[in-house]
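This report concerns only the one structure given below.
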Amino acid sequence: MTALQPTLRAQLPIVHVARICLEAASPLSIGSGRSDALFDSPVVRDANDLPALPGSSLAGVLRAAVRESAGADFAQALFGHAGRSLADGAASRVQVSWGRIHAADDVPVDGLVTDDRLLRDELLGPLLRADLPKRDHVRLGHRGTGETAGKFDRSYVPAGHRFSFEMQLACATEADEAAWAQLLMSLGSASLRLGGATRRGFGRLLIVRLESGRFDLRVADDLNRYSALPTRLDFSASRLLAPKAAPSNAVGPWESVSVTLTPEDYWRVGGGAHPFAPGDKPADMLPASEKRVVWQNGKGRLSAKPAVVVPASAIKGALAHRLAFHFNRLVGRFAGAISPHEPNPAVAAVFGTVKQDDASAEGHRGNVLIDDIVPDPKTIRPQVLMHNSIDRFTGGTRNGVLFGEEMLYGGELKLMMQIDTQGIAQASGDLQPQVEQALAATLHDLCTGQLALGAAQARGHGFMRGVINDAPEWLRSKQ
């Protein structure tokens, strides 16, 4: 990262520097803003054609986390703001570099590298444009079926990949240094997620390493140490920066909800491409699965076999539709009086809403964060079920429509959610009691086998029994 300019150094002589290594606890998808021939939403890439974390994205989520925990005025003082004139605005005192992805040796790739090194590396090679995995999505309508032109995909960086970035904060006085502690604390915010689809399980990050240092540029020794900091992230700065404990993930207004679900029978979330059941011919319909990066003894490798995954989008969709039903039941909204395109107030308050094209309503983020579920593979038994399509006229089987469906039996699904209670209250307004009661009733249905997850609900699959292990008191009291 570029050092402070001499004029700024005189005005803000105390500089804090941190190098942070982040690990993607869930798939990461920072969109480039354009589509290509392969994906509807390709990820941002650097000059090496490797996925990267733009500095603007990192600064944006840090600013939002600081605003959430310390207020808008504090965030403006730290990250600057635009004014009506040049004299009214203020520059950011925080500098954030791009996040560089780590190679298999756990060293970030900074600067141009050769194609040969890229192809030989176990982690970097699979990140080539054509090899990047994707998730398919279908937008559901009010009838619970796919909408016309509602199918799309999103490419992503597999979970487990690591990125490193550097952050600096310039301070004027020692009393002003509390801002640095607040900035580091914001790294522990539950809402600190990067990229797109963060309300569908993407973008959750964990801090693997954090090194920090303080430099008073009025002191010759500190100035020399600061000048000796390497500008490249692949050069170690450990002799100049000290290790620091990662902040707690409990920062901010978010409250945890933990639910343990036990399937009553077969279940499957579709969209997979890897068979788990033995046999020469794989089933036509397979459970969703993904490979992840595993780190051991300072080395990273892509898992040999993909793991079964329950995407957060599959959980969110089921919860949203049942939430709409319970809210309509509580307030007396019936099907004949509801427009199919009218947003449900409870769904909008809990899961967010997009801005309408006619600007009649502003969009806002969702107030619930749901994580992907990756069950223990040792507790799951795959089995292929064969099906025939029946001719509705003759009652006999149709020719050429014998197909197999790979289902999963057993397992334990641990559902983790973060709920912004204050955000739900603000978005609900006078309807807050009904929204909270509808959300509690939705979780009750999920835990009592009345709400299924995944495919083939009409054939009795996907129903579960659950126990709420941890939840806010207001949610428990409304069960």
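The values are calculated or read from the model by the stated rules, or taken from the named source; none is laboratory data. The model shown is predicted, which means the values in this text are computed figures rather than measured ones. Here the Cβ is made from the backbone with ideal geometry for all residues, glycine too, and neighbour counts use every protein chain on show. Just the protein is used for accessible areas: all its heavy atoms, side chains included, with ligands, DNA and RNA removed. Shrake-Rupley method; radii C 1.70, N 1.55, O 1.52, S 1.80 Å.
Give me the net charge for the shell around G272: Cβ to Cβ below 15 angstrom, other residues only, Lys and Arg +1, Asp and Glu -1.
Net of charged neighbours comes to -1.
What chymotrypsin sites (Phe, Trp or Tyr not before Pro) does segment 225-328 have in DSSP loop regions with at most 12 other beta carbons within 10 Å? The partial results should precede the final answer.
Values: sites: Y226, F235, W254, Y266, W267, F276, W295, F325, F327; in loops: F235, Y266, F276.
Hits after loop and neighbour filter: F235.
Enumerate the amide H contacts of K291 below 5 Å, restricted to partners 5 or more residues apart or on another chain; note that Pro and chain-start residues carry no placed amide H.
For K291, whose amide H was placed from the backbone, the distant partners under 5 Å are A307.
I need to check one value: relative contact order of the chain, counting alpha carbon pairs closer than 8 Å and at least 6 residues apart, in percent.
Here the relative contact order equals 18 percent.
Can you spot the aspartates and glutamates whose alpha carbon is less than 13 Å from K299's alpha carbon? Ignore those fewer than 8 places along the same chain.
Within reach: D105, D106, D121, E122.
Which order do the peptides 456-466, 196-206, 52-62 take when ranked by the mean count of other beta-carbon atoms within 10 Å per residue, highest first?
Packing order, densest peptide first, comes out as 196-206, 52-62, 456-466.
Between V331 and V354, what length comes free when the chain is fully extended (0.36 nm per residue of separation minus the Cα-Cα distance, one decimal in nm)?
Between V331 and V354, full extension yields an extra 5.9 nm.
What Kirkwood hydrodynamic radius, in Å, does the chain give when the mean of 1/r is taken over all pairs of distinct Cα atoms and then inverted?
Values: mean 1/r = 0.0402 Å⁻¹.
After inverting the mean inverse Cα-Cα distance, the result is 24.9 Å.
What is the sum of charges around D115, taking Lys and Arg as +1, Asp and Glu as -1, for the other residues whose C-beta is under 12 Å from the C-beta of D115? Could the numbers behind the result be given before it?
Details: positive: R117, R120; negative: D49, D116, D121.
Spelling it out: positives minus negatives among the neighbours equals -1.
Given contacts defined as C-alpha pairs under 8 Å and at least six residues apart, what's the relative contact order of segment 172-263, whole-number percent?
35 percent.
Carbon-plus-sulfur fraction of the accessible area of the chain, 1.4 Å probe, in percent?
52
Would you pull out the residues with amide H under 5 Å of D234's amide H, same chain only if 5 or more places away, H placed 1.01 Å from N?
Under 5 Å from the amide H of D234 lie the amide H atoms of D110, each far enough along the sequence or on another chain.
Is segment 237-281 best put as rounded, prolate or oblate by its Cα gyration tensor, with a ≥ b ≥ c the root eigenvalues, rounded for a/c under 1.5, and otherwise prolate when a/b is larger than b/c, oblate when not? Don't skip to the answer; put the middle values down first.
Values: a/c = 4.58, a/b = 1.80, b/c = 2.54.
Here segment 237-281 falls in the oblate category.
Using every alpha carbon pair in segment 352-479, what percent of pairs falls into each 10 Å bin from 0 up to the bin containing the largest distance?
With 10 Å bins starting at 0, P(r) equals 10, 28, 26, 20, 14, 3.
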